[in-house]
1. Being at pLDDT 75 or above, surrounded by fewer than 10 Cβ atoms within 10 Å (Cβ to Cβ) and touching a strand residue (DSSP E or B) at 6+ places or on another chain (Cβ under 7 Å) narrows it down to one of V41, V57, so name that one.
2. Residues being within 14 Å of D11 (Cβ to Cβ) and surrounded by 14 or more Cβ atoms within 10 Å (Cβ to Cβ): count how many of those fall in the stretch 24-38.
Amino acid sequence: MTLLDIHPSEDIVPLLRDVMRQGRHNSATQLRRHKKKDGNVIDVEVTRCETMFNGRVADIMTAVDVTGRLADNAPLLRLKTA
């Protein structure tokens, strides 16, 4: 899958800017939005870890759906900023 497949179209340009600005790191965890096959957009926590595979640098990436967790925490965040 490509970035165009899994990210909402409005997120592509900012995402590419972030990637170019940050360069390569050994590992990183970020909050992103992913587009599911059905077109729905969910919040995911993406973790990337750099490794060697067959003599080449490769990225291992995992994405965990955190949509529910963020929704559960929204009332607490509103109280905190009030």
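1. V57
2. Qualifying residue count for the region: 4.
The values are calculated or read from the model by the stated rules, or taken from the named source; none is laboratory data. Small disclaimer: the values here were computed from a predicted structure and weren't measured. We place every Cβ from the backbone using ideal geometry, glycine too, and count neighbours over all the protein chains shown.
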